[in-house]
Ligand code: GTP
C-alpha cells in the first residue's frame, strides 16, 4: 500500500499571492477549473494501491475541511487534513504526524509540495525508487537556467547511478542548473534520519550557547536539514523529468499554470477531470483551450480563449472578449468589455465597454529551460513591476474605464481608470 502527503503550508505562506489569498487559501485557488491541490489529488489517485492522502498544513481546519469532504466524495478514497499547531516547516510536519503516515505500514509515501504545478508522473517515480534498493528518498528534478537556479534547491547528480552527490537549497552562487521539483517518494526509514535531526535540535536548545533562541525546535526544513544531509550517502536519488513543471508563487504564475493544465487535461483522457463544460459545449466563439463551468452564463456573441477559465455562476455579456485570464465564481463581465492577462476576483463586476488588461509574466520562450520569474511586486526604483491585472473579490469597475497592470484589493469601487497602481 502507498500513501501520499501534500504539504499545503498556511495563511502567512501565501503572501506573494495576495490579494487572491485574502479571499481563498492558495492551495484551493482554482486553476483550470479545479482547486490547485485537486490536481495533486488527481495525480495521486492514478497510483495503483494508494491507501490514503494526507494534507498537512497550518490553515484553520474550517478552511480546508469542506474541500476534504468534497474530495472524499468525488474520489472515494480516505483523505485527511492534519493541522500543524504552528508552521513546522516542510519536514517538521511530516515528523509530527509520522504515526499517521506510518499507520497501516505503507511500502512508501509520496510527498508533494502543494504549490507545485506539473505533469506529475508518480507511478514512474515509484518505479525509479524501487530500482534503487538503498534509496530512502527519490526526488524528481528538472533543469532551470543558470541564473534562475539560484532560487531553487540545486543538486549535483552522479549520472551513472542517479545518486544525488551534493544538494544546496537556494545557493548564493551557481552550483548546478538541476533543480528540485518538490515531488518525492520516501521509504518509511526516513523517519530515523528526521528523528536524528529533531533530537539534535532539541538537545541544542539546552546548550548554554544555544543560538536557536526561542525558535520552535520542531521546525525542520526538508531541503536544508534532511536532503542536504542525505546527499552523497547513497540513499538519495534523483529522477530527471523534462515534462512541464512550474510553481504557484505569484498570481501571474496562475495564468501560466492554467494554460498548461488545460493542455494536459485535453491530452490525458484517463484523468478524472470533473469538468462540467470544457469549452466545446459553450455556444460562444471559443479559441482553445478554455474551461467554462456549467453554471456560467456566456452570451453567444462573446469570444473566449485561448487560456481562459471561467468559474461557477459567472455571467459574460454580449460582445465580451476574454483571453489569457481566470474569472472567478459569480463575477459579472458586462457587454463589450475586454479582459486580457487578468484575474477577476469572486463577485467582481466589470461594467460595459471597459478594458482590463495586464502584462504577461510567462517564462521567456527563447531561453531554454526558463521558469517563471516570480518577481516581487515592486522593482528597485519602487515602481510596480509590470504584471497581470488582479481584481480582488467584490471589486466594481465602472463602464468605459481602463485598468492596466494594476492590483485592486477586495471590496473596492473604482471611480476612474488606473494604470500601474495598487488600489489599497
Ligand atoms: P519559496 O516559497 O521561494 O521560499 O520556496 P520553496 O518552493 O522552497 O517553498 P517552501 O519550502 O516554503 O514550500 C514548499 C511547499 O511546502 C509549499 O507548498 C508550502 O505551502 C509548503 N510548506 C512550507 N512551509 C510549510 C510548513 O511549515 N508546513 C507545511 N505543512 N507546509 C509547508
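Looking only at residues in segment 157-171 that are part of a loop (DSSP other than H, G, I, E, B) and within 15 Å of the ligand (Cβ to nearest atom), which one is farthest from residue 142 (Cα to Cα)?
The residue in question is 171.
Could you list, in sequence order, the residues of segment 8-40 that are surrounded by fewer than 24 Cβ atoms within 10 Å (Cβ to Cβ), within 14 Å of the ligand (Cβ to nearest atom) and part of a strand (DSSP E or B)?
Those that are surrounded by fewer than 24 Cβ atoms within 10 Å (Cβ to Cβ), within 14 Å of the ligand (Cβ to nearest atom) and part of a strand (DSSP E or B): 9, 35.
Counting only residues that are within 16 Å of the ligand (Cβ to nearest atom) and in contact with a helix residue (DSSP H, G or I) (Cβ under 7 Å, 6 or more places away or on another chain), which one in segment 116-131 is modelled with the lowest pLDDT?
The extreme case among them is 120.
Looking only at segment 41-54, which residues are free of Cβ contacts under 8 Å to residues at least 60 places away in the same chain and part of a helix (DSSP H, G or I)?
Passing the criteria: only 41.
Kindly list the number of the only condition in (1) outside any strand (DSSP E or B); (2) touching a residue at least 40 places away in the same chain (Cβ under 8 Å); (3) touching a helix residue (DSSP H, G or I) at 6+ places or on another chain (Cβ under 9 Å); (4) away from the ligand (no atom under 16 Å from the Cβ) that fails for residue 64.
Result: residue 64 passes all but (4).
Just give me the residues in segment 75-111 being on the phi > 0 side of the Ramachandran plot, within 13 Å of the ligand (Cβ to nearest atom) and either free of Cβ contacts under 8 Å to residues at least 40 places away in the same chain or surrounded by fewer than 19 Cβ atoms within 10 Å (Cβ to Cβ) (or both), in sequence order.
Of everything in segment 75-111, nothing turns out to be on the phi > 0 side of the Ramachandran plot, within 13 Å of the ligand (Cβ to nearest atom) and either free of Cβ contacts under 8 Å to residues at least 40 places away in the same chain or surrounded by fewer than 19 Cβ atoms within 10 Å (Cβ to Cβ) (or both).
Give the residues of segment 369-395 that are more than 16 Å from the ligand (Cβ to nearest atom), more than 20 Å from residue 258 (Cβ to Cβ) and out of contact with any strand residue (DSSP E or B) (no Cβ under 8 Å at 6 or more places or on another chain), sorted by residue number.
Once the filter is applied, which keeps residues that are more than 16 Å from the ligand (Cβ to nearest atom), more than 20 Å from residue 258 (Cβ to Cβ) and out of contact with any strand residue (DSSP E or B) (no Cβ under 8 Å at 6 or more places or on another chain), segment 369-395 yields 379, 380, 381, 382, 383, 394.
Is there a residue being more than 29 Å from the chain's Cα centre (by Cα) and modelled with pLDDT of 95 or more anywhere in segment 213-232?
So the first thing to find is which residues in segment 213-232 are more than 29 Å from the chain's Cα centre (by Cα), and the list is 213-214, 232.
Those left that are additionally modelled with pLDDT of 95 or more: 232.
The answer is yes, given that some residue of segment 213-232 is more than 29 Å from the chain's Cα centre (by Cα) and modelled with pLDDT of 95 or more.
For the list (1) assigned to a helix (DSSP H, G or I); (2) closer than 29 Å to residue 160 by Cα; (3) touching a helix residue (DSSP H, G or I) at 6+ places or on another chain (Cβ under 9 Å), I need the number of the one condition that residue 90 fails.
Of (1) assigned to a helix (DSSP H, G or I); (2) closer than 29 Å to residue 160 by Cα; (3) touching a helix residue (DSSP H, G or I) at 6+ places or on another chain (Cβ under 9 Å), only one is false for residue 90: (2).
The values are calculated or read from the model by the stated rules, or taken from the named source; none is laboratory data. Fair warning: this is a prediction, and the values are worked out from it, not measured in the lab. Because the Cβ atoms are built from the backbone with ideal geometry, glycine has one as well, and the counts that use them run over all protein chains shown.
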